[in-house]
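Below is one structure, written out as structure tokens, with a few remarks after it.
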Amino acid sequence: MKISISQNRLYTVISIVFIIVLWKFLSIWVDNSIMIPTPKSTVMEFIKIIRSQNFIIIVLSTLVRVMIGFLISFISALILGLLSGFFKPVYYLLKPLIVIQKSIPTMAIILLAIIWLKSEKAPILVGILIIFPIIYATVIQGIKSVDIKLIEMAKVYKLSKMTVMKDIYIPSIRSSIISVASATIGLNLKVIIAAEVLSQPSVSIGTSFQIEKANLNTAGVFAWALVSIIIAGGFDLAIKVFVMKTMKN
């Protein structure tokens with residue numbers, strides 16, 4: 001097991017080294033820092049950014065939007081998904097809204113959010129509208145995939161609906177919910193940053209991207225992208241730790 005983990009880490013390191021070498025080669029070949037900055041200049045910009053006075057405030061402002069949007073989406077999708085999974089009228093009432101939500105282009109959602117709300121709140125709405133259908137569909141699919149034999153057994157033993165929900169449905173859909181949570185929180189981060197680029201709140205990662213772009217500082221754009229990657233990795237790690245602790249308990 002330890003050998004397998006070590007091998008996986010080695011492959012990851014090799015992949016990262018290959019990307020950096022390819023990046024360096026391309027930057028030398030293009031020979032234009034506005035088009036492709038060197039890895040060194042990006043690292044220098046990254047250090048400059050994390051040492052800046054406003055770095056923590058900028059990151060926290062975006063993280064707050066990400067967490068608010070994610071929690072609203074997750075809780076509402078979980079509740080409505082359970083209701084839709086158990087009650088067909090609710091499912092068919094929500095179906096047109098979900099289809100519309102899935103079909104609208106992301107850019108249209110961002111623009112509408114900017115029109116409807118202030119720049120500070122618009123990215124939150126965008127995140128909610130984008131990830132809600134994904135979590136909602138996962139919850140419904142999880143309910144449908146529950147073993148029918150377990151449900152029939154519960155009826156034979158006349159178990160209460162609450163017991164069936166707690167001991168059969170929730171354990172069955174838990175893994176898929178955790179998986180979709182891990183995927184959607186990263187997606188939510190990307191979508192909210194994209195919305196921030198357009199709505200330009202006073203303080204945010206997206207606004208910082210826009211400032212670097214306006215100054216033609218591509219190394220700065222790459223550096224903020226690196227910050228975003230690290231944050232997304234942190235979210236993924238936090239969910240994995242949470243899952244491991246939950247399984248132990």
Using a Förster distance of 25 Å, the FRET efficiency for LYS95-ILE178 (Cβ separation, nearest 0.05): 0.45
Cβ crowding within 10 Å averaged over residues, with 122-132, 190-200, 22-32 ranked highest first: 122-132, 190-200, 22-32
D_trans [Stokes-Einstein, Kirkwood Rh over alpha-carbon pairs] for the chain, 10 °C, 1.306 mPa s, µm² s⁻¹: 76
Selection from SER208, LEU198, ILE178, by position along the positive dipole direction of the chain (Cβ): ILE178
Chain lengthening between LEU26 and SER76 when straightened (0.36 nm per residue, less Cα-Cα): 13.5 nm
Inter-probe distance in nm under a simple model that places probes 7 Å from Cα toward Cβ, at GLN53 and VAL13: 4.1
Simple label model, 7 Å out from Cα along Cβ direction - GLU152 to VAL203, nm: 6.0
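Read the figures in this text as sums done on the coordinates, not as results from a lab. Fair warning: this is a prediction, and the values are worked out from it, not measured in the lab. Heads up, the Cβs are rebuilt from the backbone with ideal geometry, glycines too, and the neighbour counts pull from every protein chain shown.
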